[in-house]
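Trainee: What follows is a structure written as structure tokens; I'll ask about it next.
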Amino acid sequence: MDNRATSRRDAKRPEWTPEDGGAEFASRVMDGVSAEETSPPRAEHPVSKRRELSAADYVSGVLSGSRTILSRAITLVESNLPLHAEISSRVVKELLPRAGQSTRVGITGVPGAGKSTFIDVLGNRLCEAGHKVAVLAVDPSSSVTKGSILGDKTRMEHLTRNRNAFIRPSPSGGTLGGVTRKSRETMLLCEAAGYDVILVETVGVGQSEAAVRSMVDFFLLMVITGAGDELQGIKKGVMELADAILINKADGSNALKAGATRAEYDRILHFLRPATEGWQTKAHMCSAATGAGIDEIWGVVEHFMKTVKASGVFEERRKQQTLSWVYTMIEDYIKQKFYNCEAVAKERPSVESQVISGALSATEAASELIRLYEDSAG
């Protein structure tokens, strides 16, 4: 045997290896692999960062129907960074003339009513009928991290894979009623991209669904089967906003209960003022699990749209929604300016402590904080 090979072998043999240990000895040290052999091949060119888009890039991308550009445009308008405000404003302004041609449907309801499953089935049927469907699924957010749970997108597993559908989960960020501050801009972008049906799913917390009503044409309230107990969980104010009430899970042993629930809601709706002039709100039934009643409820939406367009209610509602959008943005701006004011932020803890201790009334505290803001602004 070559002396050099023997030396290498002996150098690898641990001190405690028996002198006569052969190949059967389990602890023999084998030749390793060099670092050069295990290292991944180095890229010839470094990976480039995602290219920054101009306002023109966003506009052309959205109009061409690019889902990637549409997603980036929505992220842009949702951003609170000042450097994004100018370009997002230009993008929305350029796309505004191409928007407004869709049917906007707001969908809310108690937790567990099956909103996401319903949208998954309805959206796929609409796509099969030749529509392009955009779903703005406003997610519940963590009160601690403000992060989005993003559960709706995972529940709409079939619609997510449909090339004619676009699903955008957005964190509500604690907004009352679960509607994001930029939902209106998002809706306009989707319309400009060619989506002719916009479904806005809300958190359904029952706090303030008026924000959804101010954004959509048709407002659908979904409830679960079983007459009686769940009626107590639906506030009268929410029912007054609805253009239709849909009892889901009307299948199997729940079918009879669903019928009783429908009759109960129709009885209540008879005494409420309709949400839309010239339209009588009624209760309907469906089963998202079996698909029964899905086509019928969309038929109700189509009949509603024909009715309100013929009467002029549709055009007037859209005008009022635009004005509401203007003043909502003004309110958001003023609110941000107030809470970002250095003088207010500095004195706020002290004022709050005095209110809690009873040294200041709520009225006095509000007046003091407003004075601090006005003095600072002046």
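Where a number appears in this text, it was derived from the coordinates with a stated rule and is not lab data. All figures in this text were calculated on a predicted structure; none of them were measured in a lab. Reconstructed Cβ throughout: ideal geometry from the backbone, glycine too, with neighbour counts over all protein chains shown.
Trainee: Multiply the residue separation of D266 and K346 by 0.36 nm, subtract the distance between their alpha-carbon atoms, and state the gained length in nm to one decimal.
Mentor: Details: separation 80, 0.36 × 80 = 28.80 nm, distance 5.38 nm.
Separation in residues times 0.36 nm, less the Cα-Cα distance, equals 23.4 nm.
Trainee: Once the Cβ-Cβ distance between S89 and I356 is put in as r, and R0 is 45 Å, what FRET efficiency do you end up with, to the nearest 0.05?
Mentor: Numbers: r = 41 Å, r/R0 = 0.90.
Between S89 and I356 the formula returns 0.65.
Trainee: Which order, highest average first, do 117-125, 350-358, 99-107, 363-371 follow once you tally other Cβ atoms within 10 Å for each residue and take the mean per peptide? Don't jump to the answer; show the numbers that get you there.
Mentor: Numbers: 117-125: 22.2, 350-358: 12.1, 99-107: 19.7, 363-371: 13.9.
Listed from highest to lowest mean packing, they are 117-125, 99-107, 363-371, 350-358.
Trainee: A further question on this structure: What pairs from K257/K282; K282/K335; K132/K306 go past 28 Å between their alpha carbons?
Mentor: Details: K257/K282 17 Å; K282/K335 39 Å; K132/K306 19 Å.
Cα-Cα > 28 Å for K282/K335; rest within.
Trainee: Could you rank the peptides 66-75, 80-89 by their average count of other C-beta atoms within 10 Å per residue, with the highest value first? Show your work: numbers first, answer last.
Mentor: Details: 66-75: 17.7, 80-89: 12.2.
Peptide ranking by packing, descending: 66-75, 80-89.
Trainee: With label points built 7 Å along Cα→Cβ from the Cα atoms of R161 and L96, find their separation and express it in nm.
Mentor: So the label points at R161 and L96 sit 4.1 nm apart.
Trainee: Are there any chymotrypsin sites (Phe, Trp or Tyr not before Pro) in the range 235-318 that are in a DSSP loop and have at most 10 other Cβ atoms within 10 Å? List them by number.
Mentor: On the way: sites: Y265, F271, W279, W298, F304, F314; in loops: F271, W279.
The qualifying sites are F271.
Trainee: Figure the gain on full extension for E302 and I370 (residue separation times 0.36 nm, minus the Cα-Cα span) and round it to one decimal in nm. Write out the running numbers ahead of the final one.
Mentor: Numbers: separation 68, 0.36 × 68 = 24.48 nm, distance 4.84 nm.
Taking 0.36 nm per residue and subtracting the Cα distance, the gain is 19.6 nm.
Trainee: If you put +1 on each Lys and Arg Cβ and -1 on each Asp and Glu Cβ, how big is the dipole of the range 326-377 around its Cα centre, in Debye rounded to 20?
Mentor: On the way: 5 positive and 9 negative charges, 17 e Å.
In total the dipole reaches around 80 debye.
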